[in-house]
Each structure stands twice: as structure tokens, then as C-alpha cells.
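**Student:** If you scroll down you'll find the structure; I have some questions about it.
The values are calculated or read from the model by the stated rules, or taken from the named source; none is laboratory data. The structure presented is a predicted model; accordingly, all values stated were derived computationally and were not measured. Note: ideal-geometry Cβ built from the backbone for every residue, glycine included; neighbour counts use all protein chains shown. Please note that ligands, DNA and RNA were not included when accessible areas were found on the heavy atoms of the full protein model with its side chains. Shrake-Rupley method; radii C 1.70, N 1.55, O 1.52, S 1.80 Å.
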Amino acid sequence: MRDITLCHPRLQQLAAKWIQACTAQRVIMGIAETLRTVEEQEALYAQGRTKPGQIVTNARGTSYRSQHQWGIAFDFFLMMDVDGDGKTSDDSYNDSTGLFGRAAVIAKSLGLAWGGDWSSIVDKPHLYLPDWGSTPTQLIQTYGTPEAFMRTWAPAAG
């Protein structure tokens, strides 16, 4: 899903500020992935294992091990012509000029954390709320399910 309004209220606010700050620095970004269902996460987990493609996650959907399932993360993509061919459609994940790192510096200045800092499956187009660590372990121990966690969300102020 690409709907940031399904995510944690504070993440929604920070994502909007991040896009504004990136745009001000001429780094144009879009939001690619937000909240994921168990089924969506399972399909991603199957990629490179039982389905064609490259492995992109170690998180099974049924284990709730993805930050996306908890509404505390989003993935992003470039909306820029990085390679100079006049098209943006082929450059969504083209990090040849380090734009993901530039976007991450902006995100970190706002209080987000970056999947590009991970050592196991480096995830450059991934930003998240760092309050519960770099994995959902604390959320799983505290709430059990994403639905229980989401019931605790209060609308973000301002």
C-alpha cells in the first residue's frame, strides 16, 4: 500500500516534513510502501525463495517481523531523472549519485531512522520511527499484534 495515512500518526507528520525538506534541497521523493498486510508481507518473503526474484526481506508476514506491518515504516523512491535520459520512471531506485543517502540525512535530522544503516539486508529506501528499535521485537512483546498496537494510537497534534 502507498497510503501514509494508514501509518502511525507521528510517522505521517514526519513523512510530510521529510518530503518538504527533501524538495527544498531538490531531492524529489515519493512514498512507495507503507502499511502491509500479513498476505502482502508473506508474498514479499516468498520472493527469491519460492517465487522468482531477489530476496528483499527476512520478515515473514505471519511472524509480524516487518516494521511495515506495525505502521511505523515507509519505503520511498526517487521521482527524478538521475541518469539524464529525460525519464524518471527508470530511476526510481537509481542510487548511483547517492540521493538515498542525502534523503536519509534529512530524515535523520527529523528523528527518523534509516534502513540503509542496517547490516543484514541493507534497505536504502526504508525509513522508520526508531522508538521501538530497528526490529519489531519490542512491539511484539508489548502488544502481540499490530492491531493491538494501532488501537493505542492517538492522533498526532499539529
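**Student:** Would you please name the trypsin sites (Lys or Arg not before Pro) within the stretch 1-81 that are DSSP coil residues with at most 16 other C-beta atoms within 10 Å of their C-beta?
**Tutor:** Sites meeting the loop and neighbour criteria: ARG2, ARG26, ARG49, ARG60.
**Student:** Find the relative contact order for the chain and round it to a whole percent, using C-alpha pairs within less than 8 Å whose residues are 6+ positions apart.
**Tutor:** This gives 24 percent for the chain.
**Student:** Starting at the first residue of the stretch 139-151, write each ³J(HN,Hα) from the Karplus equation 6.51 cos²θ - 1.76 cosθ + 1.60 with θ = phi - 60°, in whole Hz, x for Gly and Pro.
**Tutor:** Per residue, the Karplus-derived 3J(HN,Hα) values read 5, 4, 5, 7, 10, x, 10, x, 4, 5, 5, 5, 5 Hz.
**Student:** Provide the net charge surrounding ASP3, with neighbours chosen by a C-beta distance below 15 Å and charges set as Lys +1, Arg +1, Asp -1, Glu -1.
**Tutor:** Here the count lands on -1.
**Student:** Additional query: Considering only the other residues whose Cβ falls under 12 Å of the Cβ of ARG102, what net charge follows from Lys and Arg at +1 and Asp and Glu at -1? Write out the running numbers ahead of the final one.
**Tutor:** Values: positive: ARG26, LYS108, LYS124; negative: ASP95.
Here the count lands on +2.
**Student:** Now a separate question. Between ALA24 and THR137, what is the label-to-label distance in nm when each label sits 7 Å out along the Cα-to-Cβ direction?
**Tutor:** In this crude label model, ALA24 to THR137 measures out at 3.7 nm.
**Student:** Which net charge results for the neighbourhood of THR50, defined as the other residues with beta-carbon distances under 13 angstrom from its beta-carbon, given Lys and Arg at +1 and Asp and Glu at -1?
**Tutor:** On the way: positive: ARG49, LYS51, ARG60; negative: GLU42.
With Lys, Arg at +1 and Asp, Glu at -1, the neighbours total +2.
**Student:** As an exercise, identify the chymotrypsin sites (Phe, Trp or Tyr not before Pro) in the stretch 68-140 lying in DSSP coil whose Cβ has no more than 15 other Cβ atoms within 10 Å.
**Tutor:** TYR93, TRP118
**Student:** With the cut-off at 27 Å, tell me which of the pairs LYS51/LYS124; LYS87/LYS124; LYS17/LYS124 have Cα atoms farther apart than that. Let's see the in-between values first.
**Tutor:** Numbers: LYS51/LYS124 23 Å; LYS87/LYS124 22 Å; LYS17/LYS124 19 Å.
Violating the 27 Å limit, Cα to Cα: no pairs.
**Student:** Bin by bin, in steps of 5 Å, what percent of the Cα pairs in the chain do you find, going until the bin that has the longest distance?
**Tutor:** Per 5 Å bin, starting at 0, the Cα pair percentages come out as 2, 9, 17, 22, 21, 15, 9, 4, 1, 0.
**Student:** Please give the Cα centre distance for the stretch 1-53 versus the stretch 64-95, rounded to the nearest Å.
**Tutor:** Using only Cα atoms to place each centre, the spacing works out to 8 Å.
**Student:** Here's something else I'd like to know. In the stretch 59-150, if every C-alpha pair distance is counted and binned at 10 Å from zero, what percent goes to each bin?
**Tutor:** Taking all Cα pairs of the stretch 59-150, the binned fractions are 16, 41, 28, 13, 3 percent.
**Student:** For the stretch 1-99, report the accessible area per residue in Å² (1.4 Å probe, heavy atoms, rounded to an integer).
**Tutor:** Counting only protein heavy atoms, the per-residue value for the stretch 1-99 is 51 Å².
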